[in-house]
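Asker: First the structure, which I've put down as structure tokens, then a few questions once you've had a look.
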Amino acid sequence: MKKKKALITGYRGQDGAYLSRFLLGKGYEVYGADRAGDSGQWRLRELGIERKVKEIALDLLEPTNIIDALEKIKPDEIYNFAAQSFVLVSFSQPVLTAEVNAVGVARLLEALRKAAPKARFFQASTAELFGSTGSAQKNETTDFYPKSPYAVSKLYAHWLTVNYRQAQHMYACNGILFNHESPLRGEEFVTRKIAASAARISKGLQQKVAVGNLDALRDWGYAKEYVEGMWLMLQQPRPDDYILATGETHSVREWIEASFAAAGIKLEWKGKGLAEKGRDARTGKVRVEVSKDFYRPADVKELVGDAAKARKVLGWAPRTRFRDLPALMVQAELARLEGKKVNL
Ligand code: NAP
């Protein structure tokens, strides 16, 4: 039987790397598209799939290389992960963020319409679209109220994907993804930064870590499981949009406490606001500081998702919960520091 062809943009990022491995395991011919350079190559190396993905240099800023790639590959499925994905950076680079995350998706969908209109398209949409819509669980019918240039750019891409489905009759889906983490997360993201710092601090390799809003509440799942849900979205008789989430919400403070506990350090908090500090309860040493450098100009207070539709239609459910996730990431960091194989 002919192998299915999948094209993954941003394949050297966290989700791209996990999805590449997942699709290779399913017998797909996997084409990985990313900007020139080797940023993120370490993820493919750690997953042991470095030379198994067919690499394509593709920048979402450049229409000609998108159309060339699609005409050459004629993929059956395309997963768009390429993005300026860091919310804080979007406040200082709003135009670049819009060019990649919003107009980039217009370039991609339009090229797809011309070169491979039968291909099934997945767009990595985000829980950040909900912004400040209160604390209730969000589902596919909840209104959007984006609170960052990142979220606004992703809102355009979200609706454009819906529009190509309705107006051009293309198989195009949005996965409205709540936060998903893993040992392959970029170290600029708070969860991995904390996991890596807790591991290094426990080994005496680092003194402390600085973070932003300790009380932001998020719904954190395991990226390895989320890519399975994304694939399932493209295997249905009809295209649609789905939330992927765990339904649990926890604060950054809880993430820090759980990560340090996994590294053998019990923390005690003292002080308020920017003066608050997390100290090692045994030694009294400051291990966590709050810095305004990591505060967003406008933050989303709480995000929690209801993935009932994905459970019912796709048969997808998260298996890894908050009680295990920070520890899983700290164990991976400790393994890296000890030169051992990382469990991914
Ligand atoms: P990631 O690790 O930051 O990966 C993004 C990838 O996109 C990187 O390989 C990056 O390459 C690439 N990229 C950036 N600009 C590009 C451009 N102009 N052209 C082509 N490629 C470009 O993100 P992730 O965590 O895997 O997330 C995957 C997608 O899901 C993203 O679109 C993200 O916004 C979305 N999402 C993620 C989460 C989450 O919790 N992880 C939640 C909701 C939505 P460089 O390394 O060179 O920058």
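Asker: Considering only the range 151-166, I want to know if a residue exists there that is in contact with a helix residue (DSSP H, G or I) (Cβ under 9 Å, 6 or more places away or on another chain) and assigned to a loop (DSSP other than H, G, I, E, B).
Answerer: no
Asker: Sticking with this one: From the set of residues in the range 179-209 that are farther than 16 Å from residue 326 by Cβ and under 22 Å from the mean Cα position of the chain (by Cα), which is most open to solvent (accessible area, probe 1.4 Å)?
Answerer: 188
Asker: So how many residues does the range 50-75 have that are buried (at least 21 other Cβ atoms within 10 Å of the Cβ) and within 22 Å of the chain's Cα centre (by Cα)?
Answerer: Residues in the range 50-75 being buried (at least 21 other Cβ atoms within 10 Å of the Cβ) and within 22 Å of the chain's Cα centre (by Cα): 3 in total.
Asker: Using beta carbons and a limit of 7 Å, which pairs, at least six apart or on different chains, have the first residue in the range 74-95 and in the same structural domain as residue 153 (by TED's automatic domain parsing) and closer than 29 Å to residue 30 by Cβ and the second one of a type in the set (A, V, I, L, M) and open to solvent by 60 Å² or more (accessible area, probe 1.4 Å)?
Answerer: Close Cβ pairs (under 7 Å, with a partner that is of a type in the set (A, V, I, L, M) and open to solvent by 60 Å² or more (accessible area, probe 1.4 Å)) amount to 84/96.
Asker: What is the residue count in the range 276-297 for residues that are open to solvent by 30 Å² or more (accessible area, probe 1.4 Å) and among the hydrophobic types (A, V, I, L, M, F, W, C)?
Answerer: Of the residues in that region, 3 qualify.
Asker: Specify which of the listed residues (124, 106) is more than 28 Å from residue 301 (Cα to Cα) and open to solvent by less than 50 Å² (accessible area, probe 1.4 Å).
Answerer: The conditions single out 106.
Asker: Of the conditions (1) farther than 28 Å from residue 125 by Cα; (2) open to solvent by less than 30 Å² (accessible area, probe 1.4 Å), residue 261 clears all except one; give me its number.
Answerer: For residue 261, the exception is condition (2).
Asker: Taking the range 1-32 only, how many residues are more than 9 Å from the ligand (Cβ to nearest atom) and farther than 12 Å from residue 79 by Cα?
Answerer: 12
Asker: Where the second residue is part of a helix (DSSP H, G or I) and open to solvent by 80 Å² or more (accessible area, probe 1.4 Å) and the first is more than 13 Å from residue 202 (Cβ to Cβ) and lies in the range 323-344, which pairs have Cβ atoms under 9 Å and are six or more apart or on separate chains?
Answerer: If the second residue must be part of a helix (DSSP H, G or I) and open to solvent by 80 Å² or more (accessible area, probe 1.4 Å), the pairs left are 342/331; 343/331.
Asker: Any chance the range 298-311 includes a residue that's more than 28 Å from residue 133 (Cα to Cα) and either among the basic types (Lys, Arg) or open to solvent by 10 Å² or more (accessible area, probe 1.4 Å) (or both)?
Answerer: There is no residue in the range 298-311 that is more than 28 Å from residue 133 (Cα to Cα) and either among the basic types (Lys, Arg) or open to solvent by 10 Å² or more (accessible area, probe 1.4 Å) (or both).
Asker: Additional query: Under the condition of being touching a Leu at 6+ places or on another chain (Cβ under 6 Å) and buried (at least 17 other Cβ atoms within 10 Å of the Cβ), which residue from the range 247-258 is farthest from residue 197 (Cα to Cα)?
Answerer: My answer is 249.
Asker: Then there's this: Is it the case, given these coordinates, that residue 35 is within 17 Å of the chain's Cα centre (by Cα), charged (D, E, K, R) and within 15 Å of the ligand (Cβ to nearest atom)?
Answerer: no
Asker: Restricting attention to helices (runs of 4 or more DSSP H) lying wholly within the range 60-137, give those where 3 or more residues are within 13 Å of the ligand (Cβ to nearest atom), aliphatic (A, V, I, L, M) and within 26 Å of residue 185 (Cα to Cα).
Answerer: The helices (runs of 4 or more DSSP H) meeting that bar are 87-92, 94-98.
Asker: On the phi < 0 side of the Ramachandran plot, surrounded by 22 or more Cβ atoms within 10 Å (Cβ to Cβ) and assigned to a strand (DSSP E or B): is that true of residue 243 in this structure?
Answerer: Against the criterion (on the phi < 0 side of the Ramachandran plot, surrounded by 22 or more Cβ atoms within 10 Å (Cβ to Cβ) and assigned to a strand (DSSP E or B)), residue 243 qualifies.
The values are calculated or read from the model by the stated rules, or taken from the named source; none is laboratory data. Small disclaimer: the values here were computed from a predicted structure and weren't measured. FYI the Cβ positions are ideal-geometry reconstructions off the backbone, even for glycines, and counts take in every protein chain you see. In case anyone asks, the SASA skips ligands and DNA or RNA and just uses the protein heavy atoms, side chains included. Shrake-Rupley method; radii C 1.70, N 1.55, O 1.52, S 1.80 Å.
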